[in-house]
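The values are calculated or read from the model by the stated rules, or taken from the named source; none is laboratory data. Note that the coordinates shown come from a computational prediction; the quantities given were computed from them, not determined experimentally. Here the Cβ is made from the backbone with ideal geometry for all residues, glycine too, and neighbour counts use every protein chain on show.
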Amino acid sequence: MLAHRQPGIDDRPPMPFLFERSWKLPAALVAGWLVGGVVGWFAGGHVATGVALVAIAEIVLLLTQIRHQAQHMMTQSSTVTSLQHDRFMTRSRRIASSLRDLRSAAGSLPDAVVLLDTEQHVRWFNHAAEDLLGLRRPQDRGAHLDERLSTTELAGWLKEGAREPLNDVAAPGHPNRHINVTLLPFGRRQRLLLARDISHLTRLEQIRRDFVANVSHELRTPLTVIHGYLELIDPEDVPELAPVLSEMRAQSKRMGQIVEDLLTLSRLETQEHVQDERVQMTPLLATIRKEAEALSQGRHQITVESTADADLLGSVKDLHSAFSNLVSNAVRYTPTGGRITVRWRRTPEGAVYSVTDTGYGIPATHLARLTERFYRVSSSRSRESGGTGLGLSIVKHVLNLHQARLDIQSEPGQGSTFSCWFSRERLLTPGGADPD
Ligand code: ADP
């Protein structure tokens, strides 16, 4: 159809369009995915997630472009020339083809992607979402997602607002697979649900845990035998070997301690809950004081202040181990003449157990990594003082099992404070009824 030619109107510049050349649009889309992939990778290895987000943003952008172009054509319909019409049709076809590509790219992403409207109704989902989340086409389009997933852990998380990512949960579509799920705000109060299959990572983690536990277990018996024989030899019988014997005993003791700590860590890692019992803080603090004094051998001034008037709900054995680890560190990393203060006090949220020393302190750059296994600020200082490099890792795991957190404040040359923060739910009145 040829439009009427009106003088001056056809000479106006056509409505500016994002990409005038046919190769520019696909090139820009692909460049967008690359950027999304790189950003996703830097944001924690989420390449597919980055690409998915960019792809969906591109779909919205292209649809907006088509709408604006169409609106422009409608308002100018009386003055549209066949040339403008043809151009519009060519661009529309190109955009439609790019949209198809984008949909099929997003559709075949390995991560599950679900587009939700403002009411959490499912608008679109990819193949991985069918597989991992158990969504079905076409019946689940328009379904309310938390009703659709009502029997799973995901529904509760969605109902509570899904503010934090949900890590390591069973996939609704495959109960023996594990997923990490994130809900991202998107467009006009829409949401994008992303789920990543982490089963292979969980499996690798399990293999690593089993390996460490098995090796530690296998080493335990030969070490006990070696240690036993070394104890049987009297250095006075072989005076020329006395220094060697003493070193061998110290090293075999150290190896034994590493094995015991590794076994403790393996047990804590596989445990999901602690056996809750009353942890009486008054006798526990008295034991910790005795242990600290025995280790310090009078080299430090040790004070225990207990004002909380509260017992704890948790595992006596594990909390004892965590609390005495902190005191043992304070003794080992504080030079002779220093002060060590153990406090058990109330806070508005619950109570805190803290150990303050006037020791070497820790530079700020190390603080975030201190609870990693075998992470040491000074390896020689740790070894000389009999450390295994596993103490704080054990402390962190014990606190996690008690929904408590570890806070570390330290100033090099001034000293450190390690605090274990417990919530009110973990506190018991001394002398009150015991937990069931
Ligand atoms: P280690 O057996 O080596 O003491 P930990 O896991 O208990 O292992 O502690 C990790 C590292 O943190 C230690 O090697 C030490 O460098 C540092 N550290 C722990 N507690 C203190 C402390 N109270 N003062 C100074 N440094 C500490």
### Message
All but one of (1) touching a helix residue (DSSP H, G or I) at 6+ places or on another chain (Cβ under 9 Å); (2) modelled with pLDDT under 95; (3) within 9 Å of the ligand (Cβ to nearest atom) hold for SER379; state the number of the condition that does not hold.
### Response
(1)
### Task
Determine whether PHE422 is part of a strand (DSSP E or B) and touching a helix residue (DSSP H, G or I) at 6+ places or on another chain (Cβ under 7 Å).
no
### Task
Starting from the stretch 309-328, keep only residues that are under 17 Å from GLU272 (Cα atoms) and touching a residue at least 24 places away in the same chain (Cβ under 8 Å), then list their pairs with residues that are of a type in the set (D, E, K, R) and part of a helix (DSSP H, G or I) whose Cβ atoms are within a distance under 6 Å, requiring at least 6 positions of separation or different chains.
LEU313/ARG426
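Quick grid of which residues meet (1) under 22 Å from GLU269 (Cα atoms); (2) touching a strand residue (DSSP E or B) at 6+ places or on another chain (Cβ under 7 Å):
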residue	(1), (2)
LEU399	yes, yes
HIS402	yes, yes
SER416	no, yes
LEU427	no, yes
GLY432	no, no
PRO435	no, yes
### Message
It is to be established whether one or more residues within the stretch 319-332 are assigned by TED's automatic domain parsing to the domain that holds SER423 and farther than 20 Å from ASP407 by Cα.
### Response
no
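Conditions tested, residue by residue: (1) within 34 Å of the chain's Cα centre (by Cα); (2) surrounded by 14 or more Cβ atoms within 10 Å (Cβ to Cβ).
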| position | (1), (2) |
| --- | --- |
| MET255 | yes, yes |
| ASP261 | yes, yes |
| THR264 | yes, yes |
| GLU269 | yes, yes |
| VAL274 | yes, yes |
| GLN280 | yes, yes |
| ILE288 | yes, yes |
| LEU295 | no, yes |
| THR303 | no, no |
### Message
Exactly one of these conditions fails for ALA368: (1) more than 20 Å from ILE288 (Cα to Cα); (2) of a type in the set (A, V, I, L, M, F, W, C); (3) more than 10 Å from the ligand (Cβ to nearest atom); (4) in contact (Cβ under 8 Å) with a residue 24 or more places away in the chain. Give me its number.
### Response
(4)
### Query
So is ALA351 in contact (Cβ under 8 Å) with a residue 12 or more places away in the chain, under 21 Å from ARG405 (Cβ atoms) and in contact with a Pro (Cβ under 8 Å, 6 or more places away or on another chain) or not?
no
### Task
Could you grab the pairs with beta carbons closer than 7 Å, sequence gap of 6+ or different chains, first residue in the stretch 391-415 and within 22 Å of GLU425 (Cα to Cα) and assigned by TED's automatic domain parsing to the domain that holds THR341, second one among the basic types (Lys, Arg) and near the ligand (Cβ under 10 Å from one of its atoms)?
LEU406/LYS396
